[in-house]
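Okay, so here's the structure we're looking at.
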Amino acid sequence: MFESSHTLSPLRLAGLSALLFTAGCTVGPDYKAPAFPAPVAYSDLQDQDGTPLAMPESGAWWMIFNEPQLNELIVKAEEQNRDLRAAYKRWQRAETLIAREEAEALPQVEAGAGYTRERLSQETTQLYGGTQQNVYNMGAAAALEIDVFGRVRRLVEAAAADADAEREALADLQLFIKTEVAAIYFGIRSLEAELLYVEDSLSTREQSLEVVKRRFEGGAVSELDVAQAQSLLASTRADYARLRGQQAVLINALAVLIGEPAPTFSLEVTPLAGKPPRVPAGIPSELLLRRADIRQRERKLAAANARIGVATANFFPRVTIAGNIGVSALDAAQWFQSSAGFWAINPQVSIPLFEGGRLIANLDESELAYAQTVDEYEQTVLTAFAEVEDAVDSWRWLSEQRAAEEVSSRAAIRAQEIANAQYNGGLIDFITALDSERTALESQRRLANVTGEEYINAVRLIRAIGGRW
C-alpha cells in the first residue's frame, strides 16, 4: 500500500537485526554450582538403636509417629498458617518478575490516534504562513532492544533463580512449620505426663499432711513435722501451677501455627510415653540435595552470578531499533488514500563513554554480592551438618539417659514405699520420709522430661535432614 524508494527497507533492516542477534554473545561468568566437601558419615550414627523406618510414600514424615491428632494439626497448619500463605505469594510474585524481565527481549508496540488543530507560523513557513489547519494522525510505534551482549538474558536468568530461591524458601518454611507443630505437640504431652506425676504427688501429700496433723494432735510428732508437710504440699502446688502455665503457653503457640485464635483453641491432651521411632540420618553428601534452605542459598548464588553478567553487559554498546507506521491527513476521510501513509525506522547504538564510575561501582557491588552469597551458602551447609550431628549425638545420649532414668524411677518409687512403711512404724523420722517422697517425684518428672526430649529430638533430626530419608 505504501511504497518508498529508500534503500534501507524494513525487510533489509529485519535481516540486519537477526544477524546482530545471532552474532551476539552473553557476557559475564557462566554459573557453576558450588562444590562443598561433605563428611563421609556422622560420628555417632552407629549408636542409634532400633530399626529405622522407611519414609512414607506420601512424603508425610509425621505419619511414622502414628498420632492421628498430630496428623490433623499438621494438615491444619498446611492449610491455615498465615506465614505459609505469605511465603506462597512471595514465590508467585517472584514468578511474575520472570515475565517482566523476558518482556525486555520483546518488541514494545503501541498504537494511537490523535487530532491536532494548529496555526502555522508566518516566520518559519513562507508558503503557508498563517494558515490554520486540522491534522488527523493514526499509527503504531515499536521499539526493540537487540540483546547482543546478553544483558536481558542475564536479567531473565537472575529472575528465574530468584523465583527458584523463593520456591525453596517456601519448602523450607513448610518443613519448619510442620516440625514446629510436632515439637510443640510432644512438648505439651510431655508436660502432661509430668503433671500427672505432680497431681498424684499432690494427692499423696495432702493425705500425708492430714496424717501428720493427727499425729501431732496425739503428741506423736512435733510441730516441725507439720510445718515441713505443709511446705512440701505448697511447693508441689506451686510446681503444678508453673507446669500448667508452661503448657498453656505451648498450646497458644500451637494455635498460632495452625492458624486458629488462641482464645478459642483447645486441645485434648494425653500423657506422652514410650519412645519415638528411629529416623535414619543418611549420609552427609545427601544433605545438600535434601535440605531446602541449602537449595535456596544455591539458587541465590545463581542469581548473584547472573547479576554480574548484567553489570558487565552495561559496559557494552546497546542496540535498539525503533520505528513507526501510520497515516496522517488534514481530513480523517483521507486516511485510506495511499498518499496519507508514512513510516520510519530508527536503528540506534548507544555506547557508554563516561558514567562517573557508576558502571564500575555496579560491577564491584555485584561481584561482592556474589562473594557474600558464597559465604552464606557455605555457612548454611556447615550449620546443616552441625544440626544433623547434634540430633544424632542427642539420640544416643538421650537413649542412655532414658534407660538410667527408668531404673532410677523404679528404685525411687520402691524406696518411697519402704520409707513410708518405716515412718508409719516409727522407725524413721518425717524428714527422711519426705526426702524419699521428694526423690521419687523428681525421678518420675525427669523420666517424663527425657521422654519428651527424645520425641522432640526425633523431630529435630527430621528437620535437620530436610524432612526426607
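Any read-out appearing in this document is the output of simple, stated calculations on the displayed coordinates, not a laboratory observation. Computed from a prediction, not measured in an experiment: that's the story for all the values here. Here the Cβ positions follow ideal geometry from the backbone for every residue, glycine too, while neighbour counts run over all protein chains shown.
What you get for the chain, charging only the Cβ of Lys and Arg (+1) and of Asp and Glu (-1), is a dipole of about 920 debye around the Cα centre. How many angstrom separate the Cα center of the range 150-201 from the Cα center of the range 256-335? The two parts, judged by their Cα centres, are 16 Å apart. Normalised by the number of residues in the chain, the average gap of Cα pairs under 8 Å and 6 or more apart makes the relative contact order 26 percent.
Stokes-Einstein, applied to the Kirkwood radius of the range 245-289 over Cα pairs at a viscosity of 1.567 mPa s and 4 °C, places its translational diffusion at 93 µm² s⁻¹. The ellipsoid equivalent to the alpha-carbon distribution of the range 332-469 has semi-axes of 81, 22, 14 angstrom, derived from the gyration tensor eigenvalues as √(5λ) and listed largest first. So the label point goes 7 Å from the Cα of residue 93 along Cα→C-beta, right? Which residues of the range 284-319 then have their backbone N under 18 Å from it? Counting backbone N atoms under 18 Å from the label point, the list is 300.
Pairs of Cα atoms nearer than 8 Å and 6+ residues apart set the relative contact order; for the range 382-469 it is 47 percent. Compared with the alpha-carbon gap, the fully stretched path from residue 122 to residue 223 is longer by 24.1 nm at 0.36 nm per residue. Averaging 1/r over every pair of different alpha carbons in the chain and inverting the result gives a Kirkwood radius of 29.8 Å. Between residue 400 and residue 351, the contour length at 0.36 nm per residue exceeds the Cα-Cα span by 10.5 nm.
Run through the DSSP bridge list for the chain and note the antiparallel percent, rounded to the nearest 5.
Percentage antiparallel, nearest 5: 100.
Eigen-decomposition of the gyration tensor built on the alpha-carbon atoms of the range 189-326 gives equivalent ellipsoid semi-axes of 69, 20, 15 angstrom, largest listed first. Each Lys or Arg adds one and each Asp or Glu takes one away; over the other residues whose Cβ falls under 13 Å from the Cβ of residue 27, this sums to +2. Counting helices only, and only those DSSP H runs with n ≥ 4, report the 222 nm mean residue ellipticity of the chain as the sum of -39,500 (n - 2.57) divided by its residues, in deg cm²/dmol to the nearest 500. My calculation for the chain gives -21500 deg cm²/dmol from helical runs alone.
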